[in-house]
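Q: Below is a structure I'd like to ask you about.
The values are calculated or read from the model by the stated rules, or taken from the named source; none is laboratory data. Worth saying up front: this structure is predicted, and the values here are computed from it rather than measured. Here the Cβ positions follow ideal geometry from the backbone for every residue, glycine too, while neighbour counts run over all protein chains shown.
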């Protein structure tokens, strides 16, 4: 069975808008869907990701979508597995962002809180991938109006990857449903636009 692994962003959750959109598209196509909760220290989050991916891979082909910090994790995973991947407004140097959110932080999707400390930044920096081994297998979706991350840093980081650059927009990609079909086609039909 073909499956999609969705990796949500920092302080978000598996039931985020992008996760729900992708889950619906997968269900309509008979594609398996998994979205682990990544609200944990980075070493635990990457362990959850690897475990979820391994469980899906036992059943068939896996494709990955990661948003923001999930895009960073998706890139780490892509370097290990060469799975077809899409990153949405990916964090390029998430250790710099996480350092601004130390202490108890509320989760956007549930209101629960998680503890963030300096070790999280160190863990993220240690897992960074220096070069993308198969950039043609990673689709980058960027919005120029991203109010959280510098979209040009991601455009530079993924310069050798196919990309969709949306003028304006926001970090959450509030109109993601309008672009999700392109993402699915890239991941599962090996077609780009």
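Q: Somewhere in segment 62-74, is a residue under 14 Å from the mean Cα position of the chain (by Cα), surrounded by 13 or more Cβ atoms within 10 Å (Cβ to Cβ), in contact (Cβ under 8 Å) with a residue 12 or more places away in the chain and over 21 Å from residue 18 (Cβ atoms)?
A: no
Q: Looking at 56, 77, which one is closer than 13 Å to residue 7 by Cβ, surrounded by 17 or more Cβ atoms within 10 Å (Cβ to Cβ) and out of contact with any helix residue (DSSP H, G or I) (no Cβ under 9 Å at 6 or more places or on another chain)?
A: Answer to the selection: 56.
Q: Can you tell me which condition residue 110 does not meet? The list is (1) surrounded by fewer than 17 Cβ atoms within 10 Å (Cβ to Cβ); (2) out of contact with any helix residue (DSSP H, G or I) (no Cβ under 6 Å at 6 or more places or on another chain); (3) more than 24 Å from residue 81 (Cβ to Cβ); (4) modelled with pLDDT of 95 or more, and all the others hold.
A: Going through the list (1) surrounded by fewer than 17 Cβ atoms within 10 Å (Cβ to Cβ); (2) out of contact with any helix residue (DSSP H, G or I) (no Cβ under 6 Å at 6 or more places or on another chain); (3) more than 24 Å from residue 81 (Cβ to Cβ); (4) modelled with pLDDT of 95 or more, residue 110 breaks only (4).
Q: Any idea which residue in segment 174-193 is farthest from residue 147 (Cα to Cα), counting only those that are touching a helix residue (DSSP H, G or I) at 6+ places or on another chain (Cβ under 7 Å) and crowded, with 17+ Cβ neighbours inside 10 Å?
A: Residue satisfying both the conditions and the ranking: 184.
Q: Run down 88, 116, 173 and say which single residue is touching a strand residue (DSSP E or B) at 6+ places or on another chain (Cβ under 7 Å) and without any contact (Cβ under 8 Å) to a residue 40 or more places away in the chain.
A: 116
Q: I'm checking my understanding of the structure. Among residues of segment 151-173 that are at pLDDT below 95 and surrounded by fewer than 19 Cβ atoms within 10 Å (Cβ to Cβ), which one is farthest from residue 61 (Cα to Cα)?
A: For segment 151-173, the residue satisfying everything is 170.
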